[in-house]
Each structure stands twice: as C-alpha cells, then as structure tokens.
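No value in this document is a laboratory result; all are computed from the given coordinates. As the structure is a prediction and not an experimental result, all values here were calculated from the model. All Cβ positions, glycine included, derive from the backbone under ideal geometry; neighbour counts span all protein chains shown.
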Amino acid sequence: MALSLGVFFIFWELFVKYSDISAIVLVAPSEILPVITNNYDTLLKELKYTSEEVLYGWFWGNLLALLTSIVIFSYKKISDSVISLGVIVNAVPLIALAAILGGFIGTDQNAKTIIVAILCFFPMLIVATTAFKRVNGDYKRLFDSYNSSKPITFIKLIFPASLPAIFTVLKLNVVNAITTAIVSEFFGAHGGIGQFILARKGFYDLPMVWAGIFFIVISGSLFYFTIEIAKRLFIKWN
Amino acid sequence: MQKNNSIELKELSILYNDLKIGLEAVSKVSFDVKNGEFISIVGPSGCGKSTILKVISDTLDLSYSETRGDVKVLGSSPKKAREQRKIGFVFQKPTLLQWRNLEKNVSLPLEIIGLNKAEIKKRVKKLLKMVELEKYASYHPDQLSGGMQQKVSIARALAYDPEILLMDEPFGALDEINRRKMNDELLSVWKETGKTIVFVTHSIEEAIYLSERIIVLTKQPGRIKKIINVDLPYPRKKELGSMKFYKYINQIRSLLENEEEIV
Ligand SMILES: Nc1ncnc2c1ncn2[C@@H]1O[C@H](COP(=O)(O)OP(=O)(O)OP(=O)(O)O)[C@@H](O)[C@H]1O
Ligand SMILES: [Mg+2]
C-alpha cells in the first residue's frame, strides 16, 4: 500500500518533469510539498471546516436512513415502493442536488452538513431496505419455527445478515459525502477546502490548489480506511 | 385424531396463487405419521414435498397460497404446534448464522425461547457431543465441511426438544460416503431421542435405508401414488446388498418411472 503510493508519487514527479505538460494542469509533488508545509495552518483550518460537514453529514445521513429503513421495513407496501424508487434515484446524479439545495438551505456550514446528510441518506435507505427484505426463505422459516417475535428476528437475523451491505454503503458514502461537501462549497461557501480550492484557482495559484486536493484526499482515505477496519472488526465471517 | 399419531393429513390440497394462473402443488394428499415413526417422502422434483413440510410446520406464506383439507399436528393445528415449538426443521442447506460460532448456532433457539444461560450451556454441550463436534464449539460455520455444518443444524433443531423433526433433503449436497455416515448418525439420534421424523429425499436408497415407511408421490400436482412399508430390520447396513433391499429399490423406481419423470 505505502509502496504503491510511493511508486505513484515518483511516477508523477517524473511525468511532470519529462513531459511538457502545462503547470496550469499538473504540478509536480516536489512543488506541492513546500506549499503544504508553509501553509499548513491555513490548510488545516479549511480542512477542519470541510471535515465537520463531511463527518456530521455522513453520520446523521446514515443513521437517519438506517432508522427510517427499520421503521418502513415493517410496512411491506412502503418498503416495496422505496426499493422501486431506488432504481430511479440511483439513475439520477444526486450530486446535482448540491447546487439546487444550496439555494434553498443556504451557504453556511450547517447547510452543507444537511446537504451531505441528504445525499448519504438515499443510498443507505435503499440499500438497507433492500438488504432487510432479502433475508428470506429458509432463514425466515427457521426463525418462524422457533416462534420468534419480529423484533428478535430482526436483531438476531435480519440486521446482522444485512451488515455487509450496510458497510458497503457506509464506505461508499464516505466518498459520496466528501464529493458532496466539496462540490457544494464550489457553489458558494464561507469556508472549507472546496471554497479554498476555488479561490486559489482564481489566482492561478496551482500548487496551492493541489495542496488543497492533497489534504482532502489524504483525510478522505483515512476516513475510508477507518470504516474498512471497523467493517473487518464487525464482519469476521465474510 | 388418533392418540398415537403425530401428524394427520386429510385431503390436503395446496394452491400457489402468486402467478397469473394458480398452480396446484399438492392434491388431496392423506396420510398419518405415528408417534416416533421415521417416514420418508419421495417423488419427482416439483411434486410438492417441500410444500407439504411447510404446511405441517406452518411456515408456508399464506399471502400467496391456499390450503384445503385438514392438517393436525399433535392433536391441534400446525399453528399451535409451531407456537408451542413442537417442530424442528432441517433444510437442504445448513442455514447456519455465519456470524455465530457452532456453540452459539446451537444455542440460538434456546436464546429465543429464553432459557437461562446455565441451562443453555448444559444442553448445547450435550448436543455437540451427540453429533461429535464438541471440539469445534468455537469454530465458525465457514471453517467446517458441509457435512459437519449439517450436523450442527440437526443439533440446533434438536436443541429445544421438539417432538417432530422435519427434514427436507438434508443430505442432498453430500457425497455418497458422507451421506451414508450422516444416515447412520441420524438413525442413532432417532433411536436415542425417539423423535417423529418426516424425511424428504431424492435418493430411493436413502429412503429405504432410513425409514419405516415411504410415501411415494406422483408428479405435480403431488398425489399419493403408494405408501410402502419397509420391512427390514435395523441396523440396515447388512441389508444394503440384499435381495429384499434391491426389490424395494426396484418397486419405488418403477413407481416413479411410471410418472415419466426423472427423480
Ligand atoms: N412460491 C411459489 N409460487 C408458485 N409456485 C411455487 C412456489 N413454490 C413452489 N411452487 C411450485 O409448487 C410445486 C411444488 O414445489 P415444491 O418446492 O414443494 O416441490 P418439491 O417436491 O419440494 O421439489 P424438489 O424435489 O425440487 O425440492 C412446484 O411446481 C413449484 O414450482
Ligand atoms: Mg423441495
């Protein structure tokens, strides 16, 4: 993992050095590094701003979606229509909502958090509902033969069986949340990496733009792998 | 209901109506299963064997099926028998919970029933010993062979001491040698516990080896073709190559072949 990253950066450095690619498009790592160390505090401040949107939005979006899917799971008609709605929602690039929603909700940090939450909500709602419904057949019959109550069947069978699918979306939503936060910052914000990148791009301060991208990529990866590790702790059987 | 009958079916017909045209899966099937009896059901694929087990265990989804006729389990309705946890079900696949180790898989029904921890521990230990898997108590299902997994699912079905065991092709996925081994173990469990066992299989030989009686069904919609008494002494290992055993095989095979269907 570390090795392949190293190779990637060396390749990147050499590519910029020996190809005649314009500095407006791609900057060598050796130019980015000093920019990062010199502007560490600023970058960290912007990153914190964005990270709060991402973390809270991700957390609440997923949590509310899970709670909602548990509630509607008991109502066959609603959960069926949620699943068929999923087909449509998945075909729509929800990220476009980020632009529109900004106009309704506002441009401050809380507004971004809400937009991130909304964009995490739907994938989780659909996948969790579908996963709950997919636990069927003999497993269901087994629990019926124990005369198990619905809540017990849910806790002991349906929820754990759905965990792999849920974790997949938790990870997917990390990427989703970061993209949403950045993009909605592009559409106007009072802070954050997205807004920072946009501002620096206006000054053609390319190394700074790349430094911003760097920061978000690294912190995003950390977040992603944290969930991956949590998944491995929870799901030992897959 | 006769006192010494575990299960009584009278003119049982089952209709699936989730398709545009309803499908009659089982047609006017009547038979009794005595207390402690080992009975097998054989018949062409799709003749309704699994469906019959689902009706007996009250696990058929009523939202897309219709049942006619009369079914009595231990003197009352299947629903009541299920609510009193009188029926254990073993499926073709072991249906173990992957996130639980063997011990926890066997204890699952006991937890649901709400037994105390000490009692659960005691019973699980005994059951794992019975199926010779004590050493594997902390293993997870994916660390075991299919045969071992199926033994766990049998132990699990016996955990809450149901009076009736329904088994739907439980050894269908095993190779010949393991299947024979499992057959012997099942017979010893049967002898030890005295459970009533209804066993569905595609193997004529397995049915003869295990059961006191064999119900042969026609192709879909399943009707009773014949009920055969297997008049061979247990253990039947010595009988395997015998003339009588062979005669039973031929009898059942020709009953099934008359259906122009491969079993
Ligand atoms: N949910 C369902 N909806 C409609 N038809 C069904 C349904 N389940 C089963 N059937 C049909 O009912 C008939 C009996 O099915 P069943 O599973 O009981 O057969 P079986 O004897 O157990 O077959 P096999 O030996 O292949 O397991 C089959 O024709 C099957 O296609
Ligand atoms: Mg079947």
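Assorted remarks:
- In plain terms, the residue of A:His190, B:His202, B:His140 with the fewest other Cβ atoms within 10 Å comes first and the most crowded comes last, giving A:His190, B:His202, B:His140.
- Estimated D of region B:1-81 in µm² per second, where Rh is the Kirkwood radius over Cα pairs and Stokes-Einstein applies at 25 °C, 0.890 mPa s: 187 µm²/s
- Rel. contact order, % - alpha carbon contacts under 8 angstrom, at least six apart, chain B: 26 percent
- Using a cut-off of 19 Å between Cα atoms, the listed pairs B:Lys80/B:Lys126; B:Lys151/B:Lys191; B:Lys54/B:Lys86; B:Lys117/B:Lys151 include B:Lys80/B:Lys126; B:Lys117/B:Lys151 as exceeding that distance.
- Per the Kirkwood formula applied to alpha carbons, the protein assembly as shown shows a radius of gyration over Rh ratio, Rg over Rh, of 1.14.
- When the Cα positions of B:Gln143, B:Val55, B:Ala207 are compared along the charge dipole of chain B, B:Gln143 comes out farthest toward the positive end, with charges on each C-beta of Lys, Arg, Asp and Glu.
- Estimated distance in nm for a label pair at A:Phe225 and A:Phe15, the labels positioned 7 Å out from Cα along Cα-to-Cβ: 2.1 nm
- Candidates A:Ile216, A:Tyr146, A:Asn39 compared by Cα position along the dipole of region A:32-234: farthest toward the positive end lies A:Tyr146, with charges placed on Cβ.
- Set A:Lys133/B:Lys10; A:Lys156/B:Lys125; B:Lys129/B:Lys238 screened for pairs whose C-alpha atoms are more than 29 Å apart: A:Lys133/B:Lys10
- Within the shell of other residues whose beta carbon sits under 11 angstrom from the beta carbon of B:Phe171, the net charge comes to -2, with Lys and Arg scored +1 and Asp and Glu -1.
- Prolate/oblate/rounded call for region B:33-77, Cα gyration tensor, a/c under 1.5 rounded: oblate
- Calculated on the alpha-carbon coordinates, the convex hull of chain A measures out at 154 cubic angstrom per residue.
- Once you divide the Cα radius of gyration of region A:33-142 by 2.2 N^0.38 Å, the number left is 1.42.
- As a rough footprinting exposure proxy, the listed residues A:Lys156, B:Lys125, B:Lys49, B:Lys3 were ranked by other beta carbons within 10 Å of their own, and the order from fewest upward is B:Lys3, B:Lys125, A:Lys156, B:Lys49.
- Between 0 and 90°, nearest 10: helix A:193-202 axis offset from chain A longest Cα axis: 30 degrees
- Axis angle, to the nearest 10 degrees, between helix A:29-38 and the longest C-alpha principal axis of chain A: 90 degrees.
- Whole-number Å³ per residue for the convex hull built on Cα positions in region B:47-117: 130 Å³
- When the charge dipole of the protein assembly as shown is built from unit charges on Cβ atoms (+1 for Lys and Arg, -1 for Asp and Glu) and taken about the Cα centre, the candidate among A:Ile182, A:Ile95, B:Pro44 whose Cα reaches farthest toward its positive end is B:Pro44.
- Each other residue within a Cβ distance under 13 Å of A:Ala111 adds +1 if Lys or Arg and -1 if Asp or Glu, for a net charge of -3.
- Proximal charge balance of A:Ile197 [Cβ under 15 Å; K/R count +1, D/E count -1]: 0
- Under 18 Å from B:Lys3, Cα to Cα: aspartates and glutamates that are on another chain or at least 8 residues apart: B:Asp32, B:Glu37, B:Asp70, B:Glu163
- For chain B, the gyration tensor built on C-alpha atoms gives an oblate shape. Its axis ratio a/c (a ≥ b ≥ c) is at least 1.5, and a/b is not larger than b/c.
- Region B:63-123-region A:198-238 distance, computed between alpha-carbon centres (Å): 48 Å
- Taking the Cα centre of the protein assembly as shown as reference, the dipole from Cβ charges on Lys and Arg (+1) and Asp and Glu (-1) amounts to some 1840 debye.
- Prolate/oblate/rounded label for region B:194-258 (Cα gyration tensor, a/c 1.5): oblate
- Distances between placed amide hydrogens fall under 5 Å for B:Ser13 paired with B:Lys28, B:Val29, B:Arg68, B:Gly69, all partners being 5 or more residues away or on another chain.
- To the nearest ten degrees, helix A:206-234 and the longest principal axis of the Cα atoms of chain A are 30 degrees apart.
- Dimensionless Rg over Rh [region B:1-156; C-alpha; Kirkwood]: 1.03
- Sorted by Cβ density within 10 Å, fewest first, the residues A:Thr180, A:Thr226: A:Thr226, A:Thr180
- Our summary gives chain A a relative contact order of 28 percent, counting only alpha carbon pairs under 8 angstrom and 6 or more residues apart.
- Remark on B:Asn5: its backbone amide H falls under 5 Å from those of B:Asn35, a criterion applied only to residues 5 or more positions apart or on other chains, H modelled at 1.01 Å from N.
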